[in-house]
Amino acid sequence: MKPPPFRYFRPRSLEEALAQLEREEAKPLAGGQSLIPAMNFRLASPGALVDLNEVQELAGISDANGTVRIGAMTRHAAVERDARIANRVPLLRETMPHIAHPQIRSRGTIGGSLAHADPAAELPAVILALDASLVIRSTGGERRVEAGDFFTGLFATALEPGELVTAVEIPAAPARTGWAFEEFARRHGDYALVGVAVRVTLDPKGRCESCRIVLLSVGDGPVMARSAMRSLEGVDLAPDAIREAADRAGSADIDPPADIHASAVYRRQLARVLTRRALTRAAARASETRQ
Ligand SMILES: Cc1cc2nc3c(=O)[nH]c(=O)nc-3n(C[C@H](O)[C@H](O)[C@H](O)COP(=O)(O)OP(=O)(O)OC[C@H]3O[C@@H](n4cnc5c(N)ncnc54)[C@H](O)[C@@H]3O)c2cc1C
């Protein structure tokens, strides 16, 4: 199918884009990998699109004062290949190849993925595990929203009409931190049936000082496995403790949906297995950085 008619704007600056978004009550167009199919299927019918692809100031990666900043229009492929991301945010680097296929990663953007807030998407879970913030702009000014407050429901975010995500800011990881991303999809490149992003920080004695476990595809948005996280604080990340935390992540912490792709019971089992694997790898990496 073809989309219903819409007006189209292609601004060259952020100021112009924000003014058009406000004036035209338009939707931003980033990589178009989710919005254009939705329009073609007539699941979305915006009256106007503001294409962000010529707004140079929205793209790019920088690293200053311990914070890595990724512009909203930075393509998935650019994040995947960037040496600073590999060094400073290895959890993100490890995740990128799981997102769709290379063709889609060459067009899709980090801002588009976060604003779209698909519960099966990898990036919302990862930026929550990384304790990142989103920078949001409108003609009225700029505000920052922590990832934990940004995702408000199924395909829903804290964005107000006329607002754009302009960047994601990721704080430096503390010393003795390890990470891992795991997911299961029927075919590589498909949306995951379940996925999990884990980040653990050890104290000087090697016990778990803090831990983040965030699951995807098990709820309306990224889901923090809070009781599993609490169970690990202050303890050695030994196999028994990891197994218990993973069991909690797959039971008390989630209420996964059943659909044509997987039953709820199967998703719970995947959550257990993947969380155990991710915690085991993250703990080993954190121990290596302790030496
Ligand atoms: C076959 C296929 C498989 C895929 N598999 C996966 C997968 O496994 N995992 C995954 O995570 N994704 C997957 N995707 C989606 C892909 O990652 C998209 O790139 C992403 O969801 C949206 O990014 P985009 O830049 O294309 O955004 P667009 O499609 O342009 O926009 C998406 C939404 O975000 C809004 N938006 C865009 N940019 C901004 C901004 N800066 N500020 C505010 N709102 C904005 C738009 O108005 C729209 O509502 C897949 C897509 C396809 C077609």
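Being within 19 Å of SER113 (Cβ to Cβ) and among the β-branched types (Val, Ile, Thr) is the filter here; which residues of segment 170-205 pass it?
ILE170, VAL194, VAL196
Exactly one condition in (1) open to solvent by less than 10 Å² (accessible area, probe 1.4 Å); (2) under 21 Å from GLU183 (Cβ atoms); (3) more than 10 Å from the ligand (Cβ to nearest atom) is false for ALA86; which is it?
Tallying (1) open to solvent by less than 10 Å² (accessible area, probe 1.4 Å); (2) under 21 Å from GLU183 (Cβ atoms); (3) more than 10 Å from the ligand (Cβ to nearest atom), ALA86 fails exactly one: (1).
Can you find a residue that is more than 28 Å from PRO119 (Cα to Cα) and outside the structural domain of ALA78 (by TED's automatic domain parsing) anywhere in segment 26-45?
Scanning segment 26-45 turns up no residue that is more than 28 Å from PRO119 (Cα to Cα) and outside the structural domain of ALA78 (by TED's automatic domain parsing).
For residues that are out of contact with any Gly (no Cβ under 7 Å at 6 or more places or on another chain) and assigned to a helix (DSSP H, G or I), scanning just segment 19-38, find the one that is nearest to THR139 (Cα to Cα).
ALA19
Evaluate the following for ALA258: is it out of contact with any Gly (no Cβ under 9 Å at 6 or more places or on another chain), more than 24 Å from MET96 (Cα to Cα) and surrounded by 22 or more Cβ atoms within 10 Å (Cβ to Cβ)?
no
In segment 53-74, which residues are open to solvent by 50 Å² or more (accessible area, probe 1.4 Å) and within 16 Å of the ligand (Cβ to nearest atom)?
GLN56, GLU57, ALA59, ARG69
Under 7 Å between Cβ atoms, which residue pairs at least 6 apart in sequence (or on different chains) link something in segment 193-211 that is closer than 14 Å to PRO174 by Cα and aliphatic (A, V, I, L, M) with a partner that is assigned to a loop (DSSP other than H, G, I, E, B) and open to solvent by 10 Å² or more (accessible area, probe 1.4 Å)?
Between residues of segment 193-211 that are closer than 14 Å to PRO174 by Cα and aliphatic (A, V, I, L, M) and residues that are assigned to a loop (DSSP other than H, G, I, E, B) and open to solvent by 10 Å² or more (accessible area, probe 1.4 Å), the close pairs are VAL200/LEU237; LEU202/ARG176; LEU202/ARG290.
Could you tell me which residue of segment 192-205 is farthest from the ligand (Cβ to nearest atom), considering only residues that are in contact with a helix residue (DSSP H, G or I) (Cβ under 9 Å, 6 or more places away or on another chain) and not in a strand (DSSP E or B)?
LEU193
Which is open to solvent by less than 50 Å² (accessible area, probe 1.4 Å) and more than 9 Å from the ligand (Cβ to nearest atom), of GLY32, GLY47?
When all the criteria are applied, what remains is GLY47.
Being touching a residue at least 12 places away in the same chain (Cβ under 8 Å) and over 21 Å from ARG75 (Cβ atoms) is the filter; apply it to segment 22-37 and report the residue that is farthest from the chain's Cα centre (by Cα).
GLU24
I'm trying to understand the selection: among the residues of segment 270-291, which are open to solvent by 80 Å² or more (accessible area, probe 1.4 Å) and within 16 Å of LEU216 (Cβ to Cβ)?
Result: ARG277, single match.
The values are calculated or read from the model by the stated rules, or taken from the named source; none is laboratory data. Worth saying up front: this structure is predicted, and the values here are computed from it rather than measured. Cβ coordinates were reconstructed from backbone atoms using ideal geometry, including for glycine residues, and neighbour counts include every protein chain displayed. For the accessible areas, the whole protein counts, side chains as well, though only heavy atoms, and no ligand, DNA or RNA atoms are used. Shrake-Rupley method; radii C 1.70, N 1.55, O 1.52, S 1.80 Å.
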